[in-house]
Structure formats: C-alpha cells, structure tokens
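Take a look at the structure below.
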Amino acid sequence: MISWVGIDISKSNLVVWVRPQNQGYEVPNTSEGFAQLVEQLSQYTIGRVLLEATGGYERKVMAALQEAGFNVLRINPRRARAFAVAMGKNAKTDPIDAAVLADFAEALHASHEKPISPEREALRELIQLREHFVQQRDDNKRRLQQAQLPAVIEVIKDHIRYLQIQIKQFGKAINQSMRKLDAEKADRLTSVKGIGTVA
C-alpha cells in the first residue's frame, strides 16, 4: 500500500501525518528529529512527502528526506490553503494542516511536479541572499540622501561599498550554480535580450 505524508513545519517542530493509515506524530525540527522521521517513514512505502515553504524552516528536513531517498515536494502555503478550503477543511491546527498536506500529496500524484533538487535549492538560496543584499544597498542609498553627520555618511558609504562587493560575488556564485544545474538552459535563456544571470 502506498502512503502519503504531510508535514506541518514550524521553527521548533514537525507535525507529521501519514495516510491512509491516518497516523500522526511530532518530532523536533532538528537533525535528531530528522533521523527519527526518516526511521519512522521507512516503515511505509511512501509515494510522496508534501510540505510547505515556511521561510526556510523546511530546508533542512527537506534535504534530509531527499538524501534518504524520499520523493519530497515543497509547495507555496497559498496552494495548500486553497486545497484545504476546497476540501471544506477550514479549521486550522498543526495536525489538521499536516493531514491536509497528506491529502494534497495524494491528489498531486497524477501531476508531474518535479521535486526540487539540492542544486536548485542551493541556487535559490544564493538568489534570495543576493536580493536581500540588493535591498539593503538600496535602503542605504536612500538613508545616505537624508544623512547629515559626516561620520554617519561615511559609515553608510562604507556599508554600501561592502554590499556592492558581496552582490558582485553572489552574482558570480549564482552564475556558477546556474551552469552547474543546467548549462544548456542557462545559455538559451541568457541569449535572449533582456534576460541576464539574475533573471
């Protein structure tokens, strides 16, 4: 029998639901918890493990499950909420959310959604950090226009210079990661006018 798993993730714990057995449990969101989770899920024939993107709290458990050979898919929380509403499940608790994700994992069985590879996850992390640095740099440029004290102006300028260096280095790392992931696709996309490495 194929089982479907939903995991509701928070900073401190993972609430797990396995269907059709309708078994639920909780483990800590730590490396020890991941080991427990892998051990428990190994008792089943798992079709898919479904979890939500939760601001990064899902990344380590996702990597641990993929490394253990499980088919793991991360989805946008809005999709999971829309599915829950469509199924008439409006109550919101961690066990209910995990059960809804397990239902959704089975419903997605017929689709061809690809799990995110570790290489794609690494590229995503680099891009997010670069975007964060770009935002910081632009915020500092706005602060610079309003600053009056010479000491404050100098500190802001120094920080902008630092961020510019980091942004450039992340651009190189993104380019390398992109080529490692799929050099042929990268070449095709960047050959289009207006599409660069960051896009």
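The values are calculated or read from the model by the stated rules, or taken from the named source; none is laboratory data. Being a predicted model, the structure only gives us computed values, none of them experimental. Methodologically, a virtual Cβ is constructed for each residue, glycine included, from the backbone with ideal geometry; neighbour enumeration extends over all protein chains shown.
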Output for segment 4-30, where each listed residue is out of contact with any strand residue (DSSP E or B) (no Cβ under 7 Å at 6 or more places or on another chain) and in a strand (DSSP E or B):
Gln23
Among the residues of segment 179-199, are any closer than 25 Å to Ala53 by Cβ, outside the structural domain of Gly55 (by TED's automatic domain parsing), modelled with pLDDT of 85 or more and in contact with a helix residue (DSSP H, G or I) (Cβ under 9 Å, 6 or more places away or on another chain)?
no
Yes/no for Gln66 being part of a helix (DSSP H, G or I), modelled with pLDDT of 85 or more and not assigned by TED's automatic domain parsing to the domain that holds Gln128:
yes
Restricting to segment 36-63, count the residues that are small (Gly, Ala, Ser) and within 17 Å of Lys11 (Cα to Cα).
4
